[in-house]
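**Q** Before we start, here is the structure in question, set down as structure tokens.
The values are calculated or read from the model by the stated rules, or taken from the named source; none is laboratory data. Bear in mind the structure is a predicted one, so any value in this text is a computation, not a measurement. Neighbour counts are summed over all protein chains in view; Cβ atoms, including those assigned to glycine, are modelled from backbone coordinates with ideal geometry.
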2 protein chains.
Amino acid sequence: MKFESHTLLQPNHDLGTLTPITVAYGDGIGPEIMQATLRILQAAGARIAPETVDIGEKVYLGGNSAGIEDSAWESLRRTKVFLKAPITTPSGGGYKSLNVTVRKTMGLYANVRPCVSYSPYVQTLHPKMDLVIVRENEEDLYAGIEHRQTDEVFQCLKLITRPGCEKIVRYAFEYAKNNGRKKVTCMVKDNIMKMTDGLFYKVFEEIGAQYPSIERERYIIDIGAARLATRPELFDVIVTPNLYGDILSDIAAEMTGSVGLAGSANIGEHVAMFEAIHGSAPDIAGQDKANPSGLLLGAVMMLVHIGQHDVASKIHNAWLATLEAGITTADLQSAKTTASVGTQAFADAVIARLGQLPHSFKAVRYAAPGAAAAASQAEPTPALYTPAAPASKALVGVDLFLHARPEHADALAASLQTAAGEVLAVKLQMINNRGVKVWPQGFAETFCTDHWRCRFVASANMGVISQRDIVSLLSALTDAGLDVIKTENLCTFDGERGYALGQGQ
Amino acid sequence: MKFESHTLLQPNHDLGTLTPITVAYGDGIGPEIMQATLRILQAAGARIAPETVDIGEKVYLGGNSAGIEDSAWESLRRTKVFLKAPITTPSGGGYKSLNVTVRKTMGLYANVRPCVSYSPYVQTLHPKMDLVIVRENEEDLYAGIEHRQTDEVFQCLKLITRPGCEKIVRYAFEYAKNNGRKKVTCMVKDNIMKMTDGLFYKVFEEIGAQYPSIERERYIIDIGAARLATRPELFDVIVTPNLYGDILSDIAAEMTGSVGLAGSANIGEHVAMFEAIHGSAPDIAGQDKANPSGLLLGAVMMLVHIGQHDVASKIHNAWLATLEAGITTADLQSAKTTASVGTQAFADAVIARLGQLPHSFKAVRYAAPGAAAAASQAEPTPALYTPAAPASKALVGVDLFLHARPEHADALAASLQTAAGEVLAVKLQMINNRGVKVWPQGFAETFCTDHWRCRFVASANMGVISQRDIVSLLSALTDAGLDVIKTENLCTFDGERGYALGQGQ
């Protein structure tokens, strides 16, 4: 909880030694696709030392509601790298999502999802798609902070933080640099959410400016999503807050034509997790039918992450060459199929092509860190985020939210003014209902719920108030029988307004 | 602001008289496409009495920052129906969006967007698309309530209300019934936002059950959006909260291949507005080049809304027959084009086909209200929403949010416990940071911002506290120099928990 600078996670890049990784074989088709994947990694000369942990169904059914035991946490904390096959969460209540547990516990802030079309080997309406979605993974509306406020009104908090934005945006640009990507697109709704999404975009501009060789682009999320759904070939790397990223990454994955080929990474400051995006498919488990490609491409992301760019390129190209040869598992039959094979035979086909490049697909070439460092004159690893110096904060008012059913907003305003009369430091400035101004000078047509946002500001022009004034105000309103259900302080930070103006202000 | 039952907006359905409507010719291509549209309506025998108002560029530049004058408001309030051509908002700051102003002032709660493919006359990857998005238009994150909370953390409130949900869901099912639609799909993220999105889905189930002839379906928004982007033919009517609807309606409109053919409605309790979704295209204004189809289809929605189903069907079918004949304006050239015509000639071609049905497209048949009423044994117009009786509410705790930079969450907990020691009614239960539990028993890896949610609950097991206890607690923490920036009461409603549990609770 110290506020020193953090840097991007840097596992052991020493080429002479083996990098320990934690491996979970998972459930259903997990063991067979993991076996296939590790065989390919081994044959390609990956410099890794896997250690196996048990997670998933067996652990859940053994009475551990999270599906992961202390020994697995210990391994993860030590190796910092987790290659994970799909698991089965038993049906019935009480079992927590293992991915959510690992993400929350380990602070995995970035979800990385390459979405690539492989036409004509995989049927898709969008044959030229090759993009990566970098989704913020910890904040936004997903903090789970919800309150029922009144009889009629429910609330969820959307939280966007500066370090959260810095971490995800920094990761996106570093990812672009390390993966030969040319452009990063930011998608936000900052025309409406000027402060929260506005912060995300501001950080995008600040950090992006440090990567002059990478193009920056911005879309409002609605138009951006429409463009993604119709012309995905326009995009390269997309960085976006949690909710938008959730929606976009599902859209993009489905547009490629197969979710069976996609790998995914979840990146934290301490640990990174790599996996396929598909599930454990228990119906075909143990039959040597499953396609190991999603997990294999997850493992390729892992190799890039731990600095084994050479091995990652070799495997990725051999896999593309295999696809081009028309060799595929049963899930991807097409007119181009020359051989329909089982899981292990598919792995053998990839192994047989190690060292080959694809012909019709563009060959992959992950930049070796040495080369990249030389090209950029051995630039240091940038700070993941920079703790800001505390701003000079001034308390200038408070929004009080009331549960009430007045006959009219004017009557509520009068009650508030009477009740707050003795608190001389503040005055009532406006009342909103669902963001629409109802006092002073409301419109007759405005539909009002039982939830009123009442803004009190300093009586003195441009003045400040104290926390004590807010306590007095609350006390006075409570004495008057008014039901204050929520407060939000109004502050300035270094003289800049830290709250949105109400409609008509 | 009275809480009587409201009913669906019911303009004059009397067949013998003319229905007054307010018409704005707008800017750019507005006048010529409005002229074409009104000529078609007149030729088709629409029983309307248009009265013209001035809005838009001229009004903005005349010094009215909203672009709409009192005389226009007066007309709108009287006729309750607004057919609006696109307008131009002058460049430069200070001009407010006219659509936002009308929506907020008049409480237009439903945005209705039919998205239809017209393959092969309009090129699209999705030739079988024929769906309608009914988007909630007033609440969700769009209330514009944002606060900077600390040096690092910014917040936006997502508000979902029961009357808001009831109005939009009721509208969606009534729309389906009146437009011959068979299924309504609800898209929410209620696996994460169990209270807010959970309420929307609960209301969807409640109200949907009153329409047994219409199928109900639910998607989680991420998967639903992916399905929409890849298989739009699966959908009929989609009803969804504001933000999701914003994204989905842009995706669907762009997938049809042309945004130039789409009309849109904004429905309120007092007024309804109909328009094209495209803009005023000043570059081709006055050249008789513009396609009037978007505004015309908006006008068809208006005719259905005011009960002139017969005229709406006649115009819609004539327009489809014109499209099939290969007659089109310059924006839609294709291999099927037989005649490329101007705006007014296109209108003439539609007029010439009034009374014809399309051959390859399915003919439209809007149900006359008489027939629908007879079929349902003259059921009464349902209430738009039902004000709920106040629940029995009990205050059981409070979430206090602190701006702080402690060395460790344990230290913050100790400070809070010391400061709150004299407030015997409450005890500290947990501390979260961005929704992740940090006390008691936090994880070393959790990244902490300077924003702490501290939950106090009644000391007595299952006990209640008073608003006065919260005032005392705030007072004690203020005395101890702790910076409380926000509060959220924890209540039960009729014994049901009105707040989400924290992680690990």
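**Q** Residues that are within 14 Å of chain B (Cβ to nearest Cβ), within 30 Å of A:Ala388 (Cβ to Cβ) and not small (Gly, Ala, Ser): find the strands (runs of 3 or more DSSP E) completely inside the range A:77-187 holding 1 or more of those. Lay out the reasoning, then the answer.
**A** Details: elements: A:81-84, A:108-116, A:130-136, A:146-148, A:153-161.
Per the criteria, A:108-116, A:130-136, A:146-148, A:153-161.
**Q** Check off (1) modelled with pLDDT of 95 or more; (2) at the interface with chain B (Cβ under 8 Å from one of its Cβ atoms) for A:Phe447 and give me the number that stays unchecked.
**A** Among (1) modelled with pLDDT of 95 or more; (2) at the interface with chain B (Cβ under 8 Å from one of its Cβ atoms), A:Phe447 violates only (1).
**Q** Please give the number of the condition B:Ile223 fails out of (1) modelled with pLDDT of 95 or more; (2) β-branched (Val, Ile, Thr); (3) surrounded by fewer than 24 Cβ atoms within 10 Å (Cβ to Cβ); (4) not in a helix (DSSP H, G or I).
**A** B:Ile223 satisfies every listed condition except (4).
**Q** A further question on this structure: Could you please find all residues in the range B:134-157 being without any contact (Cβ under 8 Å) to a residue 40 or more places away in the chain and within 14 Å of the chain's Cα centre (by Cα)?
**A** Result: B:Ala143, single match.
**Q** Condition first: closer than 22 Å to A:Leu248 by Cα, more than 14 Å from chain A (Cβ to nearest Cβ) and touching a Phe, Trp or Tyr at 6+ places or on another chain (Cβ under 7 Å). Can you find one or more residues in the range B:218-226 that meet it?
**A** Keep residues of the range B:218-226 that are closer than 22 Å to A:Leu248 by Cα, which gives B:218-226.
Now narrow it down to the ones that are more than 14 Å from chain A (Cβ to nearest Cβ): B:218.
Add one more test, that the residue is touching a Phe, Trp or Tyr at 6+ places or on another chain (Cβ under 7 Å), and what stays is B:218.
Looking through the range B:218-226, at least one residue is closer than 22 Å to A:Leu248 by Cα, more than 14 Å from chain A (Cβ to nearest Cβ) and touching a Phe, Trp or Tyr at 6+ places or on another chain (Cβ under 7 Å).
**Q** Take the residues in the range A:110-126 that are touching a Pro at 6+ places or on another chain (Cβ under 7 Å) and among the small types (Gly, Ala, Ser); name whichever of them is surrounded by the fewest Cβ atoms within 10 Å (Cβ to Cβ). Step through it out loud before you land on a result.
**A** So in the range A:110-126, the residues touching a Pro at 6+ places or on another chain (Cβ under 7 Å) come out as A:117, A:119, A:126.
Still in the running and among the small types (Gly, Ala, Ser): A:117, A:119.
Details: A:Ser117: 23, A:Ser119: 17.
That would be A:Ser119.
**Q** Let me ask something additional. Going by the structure shown, is A:Leu428 farther than 15 Å from A:Asp399 by Cα and more than 13 Å from chain B (Cβ to nearest Cβ)?
**A** Details: farther than 15 Å from A:Asp399 by Cα: no; more than 13 Å from chain B (Cβ to nearest Cβ): yes.
Answer is no for this residue.
**Q** For the range A:307-321, which positions are crowded, with 24+ Cβ neighbours inside 10 Å and of a type in the set (Val, Ile, Thr)?
**A** Passing the criteria: only A:Ile315.
**Q** Need the failing condition index for A:Ser258 against (1) more than 23 Å from A:Ala349 (Cα to Cα); (2) among the hydroxyl-bearing types (Ser, Thr, Tyr); (3) in contact with an Asp or Glu (Cβ under 8 Å, 6 or more places away or on another chain), just the number.
**A** (1)
**Q** Ok, one more. Among what's in the range A:457-467 and is surrounded by 15 or more Cβ atoms within 10 Å (Cβ to Cβ) and either facing another protein chain (nearest Cβ under 7 Å) or not β-branched (Val, Ile, Thr) (or both), pick the residue that is nearest to the chain's Cα centre (by Cα).
**A** Step by step, filter the range A:457-467, then rank; the result is A:Gln467.
Rundown of residues vs (1) in contact (Cβ under 8 Å) with a residue 40 or more places away in the chain; (2) of a type in the set (Gly, Ala, Ser); (3) farther than 12 Å from B:Met273 by Cβ, yes/no style:
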| site | (1), (2), (3) |
| --- | --- |
| B:Tyr60 | no, no, yes |
| B:Ser65 | no, yes, yes |
| B:Ser71 | no, yes, yes |
| B:Phe82 | yes, no, no |
| B:Ala85 | yes, yes, no |
| B:Thr89 | no, no, yes |
| B:Gly93 | no, yes, yes |
| B:Ser97 | no, yes, yes |
| B:Met106 | yes, no, no |
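**Q** Tell me the residue from B:Ile40, B:Ile55 that is within 21 Å of B:Asp348 (Cα to Cα), touching a helix residue (DSSP H, G or I) at 6+ places or on another chain (Cβ under 6 Å) and not small (Gly, Ala, Ser), please.
**A** Numbers: B:Ile55 fails: within 21 Å of B:Asp348 (Cα to Cα).
Criteria check complete, one pass: B:Ile40.
**Q** Among the residues of the range B:245-290 satisfying the criterion of being part of a loop (DSSP other than H, G, I, E, B) and among the hydroxyl-bearing types (Ser, Thr, Tyr), which is surrounded by the fewest Cβ atoms within 10 Å (Cβ to Cβ)? Write out each step before concluding.
**A** At the first step, the residues of the range B:245-290 found to be part of a loop (DSSP other than H, G, I, E, B) are B:256-258, B:262, B:269-271, B:277-281, B:285-290.
Okay, now just the ones that are also among the hydroxyl-bearing types (Ser, Thr, Tyr), so B:256, B:258, B:280.
Working: B:Thr256: 26, B:Ser258: 20, B:Ser280: 23.
Filtering the range B:245-290 for residues that are part of a loop (DSSP other than H, G, I, E, B) and among the hydroxyl-bearing types (Ser, Thr, Tyr), the one surrounded by the fewest Cβ atoms within 10 Å (Cβ to Cβ) comes out as B:Ser258.
**Q** Tell me which of these B:Lys362 doesn't satisfy, since it passes every other one: (1) touching a residue at least 12 places away in the same chain (Cβ under 8 Å); (2) in a loop (DSSP other than H, G, I, E, B); (3) more than 21 Å from B:Arg39 (Cβ to Cβ).
**A** Condition (1) is where B:Lys362 drops out.
**Q** Going through the range A:472-500 one residue at a time, which ones are aliphatic (A, V, I, L, M) and either more than 9 Å from every other protein chain (Cβ to nearest Cβ) or part of a loop (DSSP other than H, G, I, E, B) (or both)? Before you say what the answer is, go through the steps one by one.
**A** To start, the set of residues in the range A:472-500 that are aliphatic (A, V, I, L, M) comprises A:473-474, A:476-477, A:480, A:482, A:484-485, A:490, A:500.
Correct list: A:Leu473, A:Ala476, A:Ala480, A:Leu482, A:Ala500.
**Q** While we're here: Have a look at B:Ser258, B:Ser249 and point out the one that is under 19 Å from the mean Cα position of the chain (by Cα), within 14 Å of chain A (Cβ to nearest Cβ), polar (S, T, N, Q) and on the phi < 0 side of the Ramachandran plot. Walk me through it before giving the result.
**A** On the way: B:Ser258 fails: under 19 Å from the mean Cα position of the chain (by Cα).
That would be B:Ser249, the only listed residue that is under 19 Å from the mean Cα position of the chain (by Cα), within 14 Å of chain A (Cβ to nearest Cβ), polar (S, T, N, Q) and on the phi < 0 side of the Ramachandran plot.
**Q** Shifting gears a bit: For the range B:423-450: of the residues being under 36 Å from the mean Cα position of the chain (by Cα) and basic (Lys, Arg), which is farthest from A:Glu146 (Cα to Cα)?
**A** Across the range B:423-450, the extreme among qualifying residues is B:Lys437.
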